[in-house]
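Here, each number is a calculation from the coordinates, and none is a lab measurement. Note that the coordinates shown come from a computational prediction; the quantities given were computed from them, not determined experimentally. Neighbour counts are summed over all protein chains in view; Cβ atoms, including those assigned to glycine, are modelled from backbone coordinates with ideal geometry.
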Amino acid sequence: MKSLFASLMLLAAAVLSGCAAGPTATKDDVAELSHALQSLDPEVDPAEARRAAEIAYSYSARLAEQYNVTTSPIIHNTLVNSGVKERGICVHYAEDMQARLNQENFQTLSMLRAIAEPRSDFRIDHSTAVIAAKGDGIYQGIVLDPWRYGGKLYWSATTEDPRYDWEPRLKVLRRKYERRMAKEATASD
């Protein structure tokens with residue numbers, strides 16, 4: 001059954017691969033994100049904001065290439081989870097984006113991580129990178145989500161994302177751990 005599902009997913013991926021457009025960004029896209037980053041705090045260095053915006057866009061596209069994304073993100077997730085592809089689920093994008101931007105050693109910006117738990121039973125957790133002014137938390141930052149559109153960067157203020165309710169990564173992981181421990185304790189009683 002598992003191999004049948006994987007085969008069907010491969011067939012769907014092949015059929016839909018022509019539907020996946022390569023991610024592109026314009027100078028205006030980069031300038032808009034750069035301006036939003038500078039607006040986070042008066043102390044944000046404009047050169048750092050510009051560099052972070054350039055990297056966020058270019059690295060999103062590069063990750064999609066590295067992950068060999070040729071389908072929608074959901075289908076790609078299925079291919080990763082079934083072992084057909086190695087990387088490319090949201091947590092991979094978040095980890096890799098955070099690591100890449102951290103390489104810049106920004107003095108006025110910092111990289112954080114966030115998770116949105118599902119709003120319904122039909123969804124799963126979603127992870128993302130967040131960039132904020134040095135010293136601020138995710139709620140004052142900007143979501144950098146290259147997964148959502150398969151390598152084309154989506155960004156917004158964390159609190160203004162219409163699709164996800166973001167929380168600090170460690171807060172969500174701690175809550176999940178506590179739920180699991182409570183469930184195990186109940187099961188052993």
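Quick notes on this one:
- In the chain, the DSSP-assigned H stretches of four residues or longer account for a calculated mean residue ellipticity at 222 nm of -15500 deg cm²/dmol, using -39500 (n - 2.57) per stretch and the full residue count as denominator.
- Cα-Cα separations in the chain greater than 29 Å, expressed as whole percent: 28
- Highest-MSF residue in the chain out of Ala94, Ala133, Ala47 [GNM, Cα springs under 10 Å]: Ala47
- Note, ³J(HN,Hα) from phi for the range 89-97, Karplus 6.51, -1.76, 1.60, rounded to Hz, x at Gly and Pro: 7, 4, 5, 5, 4, 4, 4, 5, 5
- Across the range 73-88, rounded Karplus estimates of 3J(HN,Hα) from the backbone phi angles (6.51 cos²θ - 1.76 cosθ + 1.60, θ = phi - 60°) give x, 5, 5, 4, 4, 4, 5, 5, 5, 8, x, 6, 10, 8, 9, x Hz, Gly and Pro being marked x.
- GNM remark for the chain: springs join alpha carbons under 10 Å apart, and the peak mean-square fluctuation among Leu170, Leu40, Leu153 falls on Leu170.
- Spin-label pair Asp29/Val84, simplified geometry with 7 Å Cα→Cβ offset, distance in nm: 2.6
- Qualifying trypsin sites (Lys or Arg not before Pro) in the range 133-189, where qualification requires a DSSP coil assignment and no more than 15 other C-beta atoms within 10 Å, comprise Lys134, Arg163.
- Qualifying chymotrypsin sites (Phe, Trp or Tyr not before Pro) in the range 81-189, where qualification requires a DSSP coil assignment and no more than 10 other C-beta atoms within 10 Å, comprise Phe122.
- Binning the alpha carbon pair distances of the range 60-161 at 10 angstrom intervals from zero yields the distribution 16, 46, 30, 8, 0, expressed in whole percent.
- Given R0 = 35 Å, the distance between the Cβ atoms of Asp45 and Glu117 translates into a calculated FRET efficiency of 0.55.
- Filtered GluC sites (Glu not before Pro), the range 50-156: DSSP coil and at most 14 other beta carbons within 10 Å: Glu86, Glu104
- Each residue of the range 157-170 is assigned a 3J(HN,Hα), and the resulting list reads 4, 3, 7, 10, 6, x, 9, 9, 9, 7, 9, x, 3, 5 Hz, derived from the Karplus form 6.51 cos²θ - 1.76 cosθ + 1.60 (θ = phi - 60°), x at Gly and Pro.
- Equivalent ellipsoid, the range 129-180 (semi-axes from 5 times Cα gyration tensor eigenvalues, Å): 21, 15, 10
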